[in-house]
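Before any comments, here is the structure.
Rule-based calculations on the coordinates, nothing more; no lab input. From a predicted model like this one, the values you see are computed outputs, not experimental measurements. Cβ atoms come from the backbone with ideal geometry, glycine included; neighbour counts cover every protein chain shown.
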Amino acid sequence: MNTKQRITAPHVNEPPPELWSNCLRVGDIVYVSGMTARGADRETVLGDNEYEQAKVVFQKIQDLIEAAGGVMDDVVKMTIFVTRIGRNTEVWRARKAFFSGDYPACTLVEVASLAKPEILLEIEAIAHIGCSKKG
C-alpha cells in the first residue's frame, strides 16, 4: 500500500497550516501544487515578466522534485496558467533551462487573473520518480 508523504524543500515556502500541501508523494508519483513567483514573505513577487517569473517557478518545482528523490526529467505533466497568452514563448524559453529530452505533456491555459495582479503565471506538475533516463 502506498502512503502519502508531504515533501518540503528549504527554498520553497510552505503555506500556512490547513490550507494545502505544496508537494505530495504517493509511491513514485509526486504532485506539485500550483507554484507562483511569490517570494519568501509570500507578498513580494519575484520578476516583472513571464520569463523571470517562470525561472523562479521552475526552480521551486525542481527543488520539490529533488526533495522527493527525483529529477526534473521525471516530470511527466504540467499545467501552466498565464494571464497573457501572447507571451507564452517567454515561459517556453525559461523551461528550456530545466528540461531536456522528452518534455512533459503540458496544458497552457489563459486566465483572467491569479492571486495577485503582478503574478503572471502559475504552474503545477506531476512527476513519476525514476521514470526518466536521468533518474
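Just a few scattered comments:
- Using the Cβ-Cβ distance between Asp28 and Thr107 with R0 set to 30 Å, the FRET efficiency from 1/(1 + (r/R0)^6) comes to roughly 0.85.
- For segment 1-63, averaging the sequence separation of C-alpha pairs within contact (under 8 Å, six or more residues apart) and dividing by the residue count gives a relative contact order of 28 percent.
- Residue-by-residue Karplus 3J(HN,Hα) for segment 97-113, coefficients 6.51, -1.76, 1.60, Hz, glycine and proline x: 6, 10, 10, 9, x, 7, 5, x, 4, 8, 10, 10, 10, 8, 10, 5, 6
- Close amide H contacts of Cys106 (hydrogens built in the peptide plane, cut-off under 5 Å, sequence separation of 5 or more or a different chain): Met78.
- Cα-based helix-to-principal-axis angle, 50-67 vs the chain, degrees rounded to 10: 10
- Reference-scaled alpha-carbon Rg (2.2 N^0.38 Å with N residues) for the chain: 1.00
- Taking Glu122, Glu43 and counting other C-beta atoms within 10 Å, the order from fewest to most: Glu43, Glu122
- The 3J(HN,Hα) values that the Karplus relation (6.51, -1.76, 1.60; θ = phi - 60°) gives for segment 18-35 are, in residue order, 6, 9, 6, 10, 5, 8, 10, 10, 10, x, 9, 9, 10, 10, 10, 5, x, 9 Hz. Gly and Pro appear as x.
- Among beta bridges identified by DSSP and lying wholly in the chain, the antiparallel ones come to about 75 percent.
- Whole-number D in µm²/s for segment 75-135 (Stokes-Einstein; Kirkwood sum over Cα pairs; 37 °C, 0.692 mPa s): 259
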